[in-house]
Every structure is written in C-alpha cells, then in structure tokens.
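Here's the structure we're looking at; comments come further down.
Every number here is computed from the coordinates shown, using simple stated rules; none is lab data. Here the structure is a predicted model, which means the values were calculated and not measured. No Cβ is skipped: glycine too gets one built from the backbone with ideal geometry, and neighbour counts run over all protein chains shown.
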Amino acid sequence: MHRALTALSQSQIVRREPRHSIYFYEITSEYLVPWIKERVAERKSAEQQRAAAAARLKLEEERSVAVARFEAEQRRGRVMKILLMVMVVLGVAVVILGWIGLKQYWGLQAAEADTTAKKEQLERVQTAIRLINSQDQDEVLKGIGEVDTLIKENKLPPDLKSVLIAPALTSTDQRVRDAASQVLALAVKTDNNLAQHVDQTAQQLPPRFFIHIADESQRPQAQQLANFLKKQGYLVPGIQNVGEKGVRNNQLRYFRDSDPGIPSPQEILALLNRANAGKWILNRVRGFEQSTKITVGQFELWFAEPGGRGFWFGHEHHWHARREPT
C-alpha cells in the first residue's frame, strides 16, 4: 500500500498532504469518482452473481429430486390403478380392500398435484434467475417482475428474495435499479428477516418515502412530489389515502436521527421545501430506534387534512407517538 500511494502521489493522480503530523491522501480529480464507483459496483456484482449461481445450482438439485419423486409417484399410481381393477372381481371381501386402495389413490393424486405445483414453482424461480442475470435489460425487468409476483404469492423462499434482487440493485440501468429497489422496499414491510438483511446492506437501497394523503384531491400534488423525489434518485413505493387522521401540517416523519449513508432529515426537509409542493415540517416518531419494522432510509410523508394549515413557518417540530408506523 505504501509503494502504491507513493507511485500515485508521484504521478499526481493522488495528492499527499500532511495534517497534524499525519499524511492524508485524496484523489486530485472528481472525474475518477465514476470510474472508482464502477469498479466497486462490478466487484459487488461479481460476488452477488456467484451467490446467485450457487442458489441456482441448489434449485437445480431440488428440481431433480422433485422430478424423480414425481416419476416414482406416477409409477406407484399406475400400480394402484391396476390393483383396484383386480380387486373389483374379488367380491365383497375385496371391496373393503378396494376402498382402502381408492383412498390411497386419492392421496396419491393430491401428492401428484402438490409435486406438480412445486415443480412449476421451481421452474418459475429458475426462469426469474435466468432473466435477472441476462445481459438484456428488458429481460432483467421481466425477471424482477416475476420475482415481485412470486413474493406476493408467497412462493419464494425467504433466503432467496435478496439473493435474486441483489444483482439488479447494482445494474448500470436506472430502470432496473428503480424496479429492483421498489420490489425490495415492498418486500421488507412484510418480512422481518429480509428487513434485517436489508439493514445490513442498506447502502444498496435508496431512501424510501411512503406518501399518505387525507383526501383524493391531494393526489395530483402527491404525485408531483413523488415524481420530484424519483428524479432525485429516491424510491416512492406508492401513495395511500389514509383518510382524516388529525394531521394539521404537511409532515416529514422520520424514525431515527441519522442512518449511515442516508441524507439527514434536515437535508430532506430542505429538499422538500424546494419541490413547490407545500411547506413541510419535521416530525420525529420515537420508539423505533432499535425496531426491525423500520428499515434504514425509511420516511413517511403525511399531507395535512383539507382545511388544515398546510403551511408552517418556525422552528423544527418534534412529534411523540406510540403508534405503529404504516
């Protein structure tokens, strides 16, 4: 490292500067920043693709086992059908055995249907993996959509959710990153284990703003604000009409004073007040500093009820509450 820094300093790519008996090094040109970020992203993407390949191999093995079991159950079903045909001619005594065999046959049909459903599920997961790891960004978007559907149908193992989405989060295509971030943001609201994993890798997920309106007349203004936030690179999973909740001012609600790698609430407030979407104030919701229900970078925007002040000038306002965040 010492030799590398010395060589870089001599080439004037890196500047060496003593401060209080300690040498500090910094790059001399901001044009190097995108290149450095791209190398870091490529390295992360390679690691995540290796993890996805391991998951794909595991799924292939599970599919082989499921297919073998399916074929074995089919052979057993054919044997049971033949047995039932023979028992029909044996008389009253054999009727009892036939009834038992019939019940077993029904059980086999149910098991066959279950195995077929699992086989189809595995094939859908494999398709999603193939699409997400494609070089065609349109196919990657289709893969993200399939993962979203599997998550909503509760047909995706918990340990595969983040593994499947992770490669798309580091894509160079903005559409892909936005789609992957939105799927992951909605998934963490119903999966505490996934929320904890996202907290550990929160630098991949941009800040998320859940917008609440009190009346449908506010939806155009809320949509305008959502579009503004998206242009800043932030994520807006949706706009929800929550009705009248006694909100008298437009509020930016936050749950922690600071999150690593996330703009501070004060910085976001300044951004909102430049969006030409009303005057906003800060509301600090306490009691969720250690909660797994609130992930890193999660905020809520509450529009004031019609007839409320909607505009407010003064000092920062803190709000104390014990309610669960929406």
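Cβ-Cβ distance of residue 47 and residue 152, R₀ of 35 Å, FRET efficiency by 1/(1 + (r/R0)^6): the value works out to about 0.80.
Legend: calculated FRET efficiency, residue 258 to residue 117, from the Cβ-Cβ distance at R0 = 51 Å, rounded to 0.05, equals 0.65. Per-residue extension of 0.36 nm, minus the Cα-Cα distance of residue 216 and residue 60, leaves a gain of 51.3 nm for this segment.
Annotation: extensible slack from residue 99 through residue 19 equals 19.8 nm (criterion: 0.36 nm per residue apart, minus Cα-Cα distance). Scoring 279-287, 39-47 by mean Cβ neighbours within 10 Å over their residues and listing the highest first yields 279-287, 39-47. Each peptide in 96-108, 20-32 was scored by the mean count of other Cβ atoms within 10 Å over its residues; highest first, the order is 96-108, 20-32.
How much of the calculated P(r) for the range 206-302 lies past 17 Å, in percent of all Cα pairs? When all Cα pairs of the range 206-302 are counted, 48 percent exceed 17 Å. By the Cα gyration tensor, the range 2-91 has an equivalent ellipsoid whose semi-axes, rounded to whole angstrom, run 72, 11, 9 from largest to smallest.
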